[in-house]
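Below is one structure, written out as C-alpha cells; the observations come after it.
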Amino acid sequence: MKELRYDAVVIGGGAAGMAAALELDGAGLSCAIVEREENLGGILVQCIHNGFGLIEFNEELSGPEFAERFEDRVRGTGIKPYVGTTVMDIDVSGGDKLLYCYSAEYGILRMSCRAIVLAMGCRERNRGNIRIPGSRPAGVYTAGLAQRLVNIEGYIPGKDIVIVGSGDIGLIMARRMSWVGCKVHAVVEILPYPSGLTRNIVQCLHDFSIPLYLSHLTTNIVGKDRVEGVEITPLENGALMTEKAFTIACDTVLLSVGLVPENELSKQVGVEMNPMTNGPSVDSRLMTNVSGVFACGNVLHVHDLVDYVVEEARRAGAFAALWLKGERAKLEVRVKAGSNVRYVAPGRVDAEADNKIYLRTLIVKNDATLEVRVNNRVIKSVKKTHIQPSEMITVSLGAKDLAAAAGSPDPVVEIAIS
Amino acid sequence: MGETSGKGSCDGYDVAIIGAGVSGANIARRLSAYELDVVLLDKEADVSFGTSKANSGIVHGGFHHNRKYLKSRLEIQGAMMFDRLALELDFPFRRCGIVVAALHDDEMLAIDQLYRQGVENGVIGIEMCSRERMLGLEPKLSPDTVGGLWAPGGGIVEPYRFAFSLVESAVKNGARVLTGFAVERAERSGERWTVGASDGRAVSASYVVNAAGLFADEVSRIFGAEEYRIRARKGEYYLLDRLTKARPDRVVFPVPTSVSKGMLVIPTVEGTVLLGPTAESIEDKTDLSTTRSELEKILGSARTMIPSISETDVITSFAGLRPTLGEDFYIDISAKAPGFIQVAGIQSPGLTASPAIGEYVKDLLKKAGLRLVEKGDYDPYVEKRPHMKDVDHFAADGLVKKDPAYGNMVCRCERVSEAEIVAAVRAGHTTLDGIKYFTRAQMGRCQGGFCTYKIIKIVMRETGLGWDEITKRGDASRILKDTL
Ligand SMILES: Cc1cc2nc3c(=O)[nH]c(=O)nc-3n(C[C@H](O)[C@H](O)[C@H](O)COP(=O)(O)OP(=O)(O)OC[C@H]3O[C@@H](n4cnc5c(N)ncnc54)[C@H](O)[C@@H]3O)c2cc1C
Ligand SMILES: Cc1cc2nc3c(=O)[nH]c(=O)nc-3n(C[C@H](O)[C@H](O)[C@H](O)COP(=O)(O)OP(=O)(O)OC[C@H]3O[C@@H](n4cnc5c(N)ncnc54)[C@H](O)[C@@H]3O)c2cc1C
C-alpha cells in the first residue's frame, strides 16, 4: 500500500473538483484530485452539446471544451490528478483524515490529509426508484447511460424511443437520438410542467416536433426480451385516468427522472444530510458537520448550470484553504426556506462576510418577487421575470445586507418567494 | 453460458438432466461424484435463469409444512446440508434465523401451531417468544408485535450463486452443460433416449431427469410420460438499497395464510433488503412483469411488521414464478416412460430442499437401475474467488499486486472490480444478467447506470463477441441496435 500526504484531497475530478482544487493550489497548499474515470471532466465529457460556460467564459462551449479549459489549468499547477482511481473508504477517526483509493495503475493508495473536498457529483434515478411496473426486457436505460453509449462509445441503443421524464438529460437525448436517425415518439412527464430548462424544451423538442405529455404517468413497460412498448396514463387532479391509458410502441425507454447526489462516502464518515437536497448540510463556508470536510457541485445539490457549479466549488476550495490556515467562520446565521422555496444551499450565512446562496422554487410563475427577511423584516427584495423549479436562483447577501442579523441575539434569515 | 465441458465432447451420456435450476444443478453435482457421464441441459443462455434466480433466497426453518409432505421432509434434510455446501462451494450463505411476528393476540394461536409442527418435524432450537423476546431478537419490529416464533436455524442464501457454484463443481468433476438447449423432441431406441433441441442439436442418454421447473409438464409430454399441468403463481418483490435504515437482522415472516407464507422482509445475504413476495395465479408461464396493484400491497404489508420501511429506498422490483402442482413436490420414477425421473412441482421450499432433492433423485436413479460407482478423484471444492467488496485494504493491496485489474472498480455501488467481471466471463457468463448474478455488478443502487457500458466493453474484449451479440439474457434481448 502506497502512503501519500497532501494538505487537501478533492474527491471527484468533474467541474466542481477541478475548480476547488485550483483554489487550494492557488493558496499554496498541496492538493490531489482523485477521479475514478480515466479522464478528468466528470459528466461534462459526455455532454457534447453546446451551452456551457456562458457565465464563466462568456461564450458557448460544449461540455468537453469546458472541461478541457479547466484541465489545462490543472495541468499547469502542482495539483496531482489520480485518474482511474476510486476512493473506496474514508477514515476520519484519527487526527489526519485517511482515504483509501483503488486503482489499476497506482495500486492501493492511502492518502492522508487534513481537509477533504467532496465533489462526487450525482447519479441518475432509475426505473426502480420511480417504481415503473411491467416486464424487465433489454432496452430500458437511463438517459445518461444512453448519452455515454452514443457520444463516447459510438453505439445506438435503440431506434424507436420513448423518454420518461423531462429532465435536461432526457431533453438533450431526445434531440441527440433524433440527430442520429432514431424516432423519438414522446417525452412523458408526470408533473404539469417540464422539469428541464426552457431553452432545452424549445431546442430539443419543439424543433423536432417531439410531443411532450405533461401530467402523464408511465404505468407499464411491456416486452419479453426487448422493450415493445410503454403504457401511459393521464393524470387529472392527481388521479390516474385508467380508462384513458394508451400504449406507444417502441424498442427503447430512456429514463430522465432526476439526479441524486452521490453521498455514500459522505454518509460513511458521518456527514449529516439535508433531506431536501439529498446533499450534505453545510455551513456558510460549505463545510459539513465533519470538521475539515467540504462539499460542492452536484454532490451538494443538483445544479443545472456548470457555471454555478464552478462558482460554488471555487468558494468551497477557498474556504477549505482558509480553514487549513486556521481561519473559522465568524457569525453563522441559519437560513430558512420560506414559502414557495424548496431548499436553500448552503443553509447558513456568515453575517460578517459576503455570501452566495442557491435556491430552488416550488412554483412556476411570471413576475415573482424574492424576499430575504431577517427576523421577519424584509432586508432585500428582488424581482424575477420568470421562475420555475428547474431553474436555480442565486442570491448574494453581503455583510451590509445582514447587519440586522449581526446585531440580533438569535437571528433567522428566511428567503421566500411570492 | 455457451458450452462448458469437463470431459471430451461425446453426445452419449448415462444421464441427461433437463433444467439447470437449483434442482437440476444439485442433481448434476451429486451425480458427478460417480463414474457417470452426465449432461445438464437448459433452454436459457445461462444456468439458473428460471425460478431459481428470482425467489426469496431463504433456507427455511422447517416449521411451515407438515411432515406428511415430501417437500417438508426434503426441506428439513436440505436445510441441514447448507453449511457443508457453503464451505465446499463458496456461495454466500448465513444462518441469520427467522422470526414470525404476531401482530394481534389471535395470531398467537397460529404461532402455537407452527411451533408444534416445527417440534414434530424435529427442528432444533425453535422457540415461542414473548413480545420482549421478539423485540430483543429483532429491534426493528413494530411495537405492535405481541409475540411470535424464533427459528434460529433459518438462513439466507444467494440462490443464483448457489446454482452457479453447483454447476461449476459438477463441471469440474466431469459433467457437461449445454445452454441454449431447449428440449423439444425425444425418441426412445433400444435402451436409450435421444433428446433433441429446437436448434437441431441432440444428445443421447440412458436416463433422463425432468427438472424443467415451470415447463416440466411440457417436457413430460415430450417423453410420453405422465400428463399433468404445472401452474404458475407469481410472486413480486421490491428490493431496497443496502443503506436503508429498515434492514432487519433476521428474516421476518408474518403469520402465514392457508395459501402462502405471506409477504416477508428479508435481509439478503449480500446486504440489501427484499420485500415480498405476493402470490397471484397467472396463465402465461413466461410473464415476469410486475404490477402496480401487487407492488402496492407489498409496502403496506411490510410496514405493518417493520414500520421504518420507506419507498425512497426502493432500487428495483422483480417477479418470480412458483411452479405449482397440487400441494406437494412430485419426484418419482415415471410409470409410463422408461428411465425417466420426474422432478416437478418444485415450489417453495424448493431452494431449501434442493440439496436433498439431489440425494433423493440419485437414489431413485439407482432404484431405476443406474449403477453408481464412486469416483476416486471427486473433488467437492470449487476455487474460491476473491471479491473486492469482502476484503480489507491490505488484502486488496495483495490482489492488485498480483493482478492490477482488481484495482479497477467497475461497479461502484457493489464494489466489483474488472478482475471479477473477467472471472465471470471466463467462467462462461457472457450475458449482462449472467454477469450480474455472478458478480453483483449492476445489482446495486444505480442498477447499471454507470457500469453497463464498461461491462459491455470487457465482454467484447474477453470473448471477441461483436456489439450486436451483447445481450441482457440471450436471444432477442440485444442491448445495442446500431453503431454511429
Ligand atoms: C446531461 C447533462 C447536461 C447538462 N447540460 C448543461 C448545459 O447545457 N449547460 C450547463 O451549464 N450545465 C449543464 N449540465 C450541468 C453541469 O454540467 C453539471 O452540473 C456539472 O458538470 C457537475 O459537475 P460536478 O463536478 O459537480 O459533477 P460530475 O461532473 O458528475 O463529477 C463528479 C466526479 O466525481 C467522480 N467520483 C464520484 N465518486 C468518486 C469516488 N468515490 N472516487 C473517485 N471519483 C469519484 C465521478 O466519476 C465524476 O467524474 C448538464 C448536466 C448533465 C448531466
Ligand atoms: C416468489 C418465490 C419465492 C420463493 N422463495 C423460496 C425460498 O425463500 N426458499 C425456498 O426454499 N424456496 C423458495 N422458492 C422456491 C424455489 O425458488 C424453487 O423451488 C426452485 O428455485 C425451483 O428450482 P428448479 O430447479 O426446480 O426450477 P427452475 O429454477 O425453474 O429450473 C428449471 C429450468 O428448466 C429449464 N427448462 C424449462 N423447460 C426446458 C426445456 N424444454 N428444455 C431445456 N430446459 C428447460 C428452465 O430454463 C429452468 O432453468 C420460491 C419461489 C418463488 C417463485
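The values are calculated or read from the model by the stated rules, or taken from the named source; none is laboratory data. Treat the numbers as computed from the prediction; the structure is a model and nothing was measured. We place every Cβ from the backbone using ideal geometry, glycine too, and count neighbours over all the protein chains shown. Side chains included, ligands, DNA and RNA excluded: accessible areas come from the protein's heavy atoms. Shrake-Rupley method; radii C 1.70, N 1.55, O 1.52, S 1.80 Å.
So which of A:LEU99, A:LEU109, A:LEU145 is outside the structural domain of A:LEU305 (by TED's automatic domain parsing) and within 13 Å of ligand 1 (Cβ to nearest atom)? Spell out how you get there, then give the answer.
Working: A:LEU99 fails: outside the structural domain of A:LEU305 (by TED's automatic domain parsing); A:LEU109 fails: outside the structural domain of A:LEU305 (by TED's automatic domain parsing).
So the residue among A:LEU99, A:LEU109, A:LEU145 that is outside the structural domain of A:LEU305 (by TED's automatic domain parsing) and within 13 Å of ligand 1 (Cβ to nearest atom) is A:LEU145.
Checking each residue in segment A:103-114 for being facing chain B (nearest Cβ under 9 Å), under 17 Å from A:GLU35 (Cβ atoms) and part of a strand (DSSP E or B) picks out A:SER103, A:GLY107, A:ILE108.
Across segment A:375-390, the qualifying residues are those that are in contact (Cβ under 8 Å) with a residue 40 or more places away in the chain and crowded, with 17+ Cβ neighbours inside 10 Å, and the one among them that is farthest from A:ILE169 (Cα to Cα) is A:GLN388.
When you scan segment B:295-315, how many residues do you find that are within 12 Å of chain A (Cβ to nearest Cβ) and either surrounded by fewer than 21 Cβ atoms within 10 Å (Cβ to Cβ) or in contact with a Gly (Cβ under 9 Å, 6 or more places away or on another chain) (or both)? Residues that pass the stated criteria total 9.
The helices (runs of 4 or more DSSP H) located wholly in segment B:129-224 that include 1 or more residues which are more than 16 Å from ligand 1 (Cβ to nearest atom), within 17 Å of B:ALA25 (Cβ to Cβ) and in contact (Cβ under 8 Å) with a residue 24 or more places away in the chain occupy B:159-172, B:216-222. Restricting attention to segment A:115-131, does a residue exist that is modelled with pLDDT of 95 or more, within 14 Å of another protein chain (Cβ to nearest Cβ) and either open to solvent by less than 10 Å² (accessible area, probe 1.4 Å) or part of a loop (DSSP other than H, G, I, E, B) (or both)? Yes; the residues of segment A:115-131 include at least one that is modelled with pLDDT of 95 or more, within 14 Å of another protein chain (Cβ to nearest Cβ) and either open to solvent by less than 10 Å² (accessible area, probe 1.4 Å) or part of a loop (DSSP other than H, G, I, E, B) (or both).
Summed over segment B:221-246, residues that are more than 11 Å from ligand 2 (Cβ to nearest atom) and within 14 Å of chain A (Cβ to nearest Cβ) total 8.
A:ARG136: within 16 Å of ligand 2 (Cβ to nearest atom) and touching a strand residue (DSSP E or B) at 6+ places or on another chain (Cβ under 8 Å), yes or no?
Values: within 16 Å of ligand 2 (Cβ to nearest atom): yes; touching a strand residue (DSSP E or B) at 6+ places or on another chain (Cβ under 8 Å): yes.
Against the criterion (within 16 Å of ligand 2 (Cβ to nearest atom) and touching a strand residue (DSSP E or B) at 6+ places or on another chain (Cβ under 8 Å)), A:ARG136 qualifies.
The criterion of at least 1 residues that are under 17 Å from the mean Cα position of the chain (by Cα), of a type outside the set (A, V, I, L, M) and away from ligand 2 (no atom under 16 Å from the Cβ) is met, among strands (runs of 3 or more DSSP E) falling completely within segment A:1-76, by A:50-52. When you check A:ARG136 against the structure, is it assigned to a helix (DSSP H, G or I) and either closer than 30 Å to A:ASN220 by Cβ or open to solvent by less than 10 Å² (accessible area, probe 1.4 Å) (or both), yes or no? No, not satisfied.
I'd like to verify a number: residues in segment A:299-321 that are touching a residue at least 40 places away in the same chain (Cβ under 8 Å), open to solvent by 30 Å² or more (accessible area, probe 1.4 Å) and either in the same structural domain as A:ALA345 (by TED's automatic domain parsing) or in a helix (DSSP H, G or I) (or both), how many?
Here is the first cut: in segment A:299-321, the ones touching a residue at least 40 places away in the same chain (Cβ under 8 Å) are A:299-318, A:320-321.
Narrowing the set further to residues that are open to solvent by 30 Å² or more (accessible area, probe 1.4 Å) leaves A:302, A:304-305, A:308, A:311, A:314-315, A:318.
Narrowing further to those that are either in the same structural domain as A:ALA345 (by TED's automatic domain parsing) or in a helix (DSSP H, G or I) (or both): A:308, A:311, A:314-315, A:318.
Residues meeting the conditions: 5.
The residue list B:GLU218, B:GLU184, B:GLU191 contains one member that is open to solvent by 10 Å² or more (accessible area, probe 1.4 Å) and away from ligand 2 (no atom under 13 Å from the Cβ), which is B:GLU191.
Of the residues making up segment B:383-391, at least one is open to solvent by less than 50 Å² (accessible area, probe 1.4 Å) and under 19 Å from B:LEU85 (Cβ atoms).
The criterion of at least 3 residues that are modelled with pLDDT of 95 or more and among the β-branched types (Val, Ile, Thr) is met by the following strands (runs of 3 or more DSSP E) wholly inside segment A:150-256: A:160-164, A:183-188, A:216-222, A:229-236. Of all residues in segment B:444-463, those that are within 8 Å of another protein chain (Cβ to nearest Cβ) and within 15 Å of B:MET409 (Cα to Cα) have Cβ atoms under 7 Å from Cβ atoms of residues that are among the polar types (S, T, N, Q) and surrounded by 20 or more Cβ atoms within 10 Å (Cβ to Cβ), 6 or more apart or on another chain, in B:CYS446/A:ASN126; B:GLY448/B:GLN442; B:GLY449/A:ASN126; B:GLY449/A:THR142; B:THR452/B:GLN442.
Only one of these is more than 14 Å from chain B (Cβ to nearest Cβ) and over 19 Å from B:CYS446 (Cα atoms): A:VAL162, A:VAL150. Name it.
Numbers: A:VAL150 fails: more than 14 Å from chain B (Cβ to nearest Cβ).
That would be A:VAL162, the only listed residue that is more than 14 Å from chain B (Cβ to nearest Cβ) and over 19 Å from B:CYS446 (Cα atoms).
One residue is enough: does segment A:85-95 have a residue meeting the conditions more than 14 Å from every other protein chain (Cβ to nearest Cβ), of a type in the set (D, E, K, R), in contact with a strand residue (DSSP E or B) (Cβ under 7 Å, 6 or more places away or on another chain) and away from ligand 1 (no atom under 11 Å from the Cβ)?
Kept after step one, since they are more than 14 Å from every other protein chain (Cβ to nearest Cβ), are these residues of segment A:85-95: A:92-95.
If we keep only those that are of a type in the set (D, E, K, R) too, we end up with none.
No, segment A:85-95 has no match at all.
Could you tell me how many of the residues in segment A:1-51 are open to solvent by 20 Å² or more (accessible area, probe 1.4 Å), in contact with a Cys (Cβ under 8 Å, 6 or more places away or on another chain) and of a type in the set (A, V, I, L, M)? Total meeting the criteria: 0.
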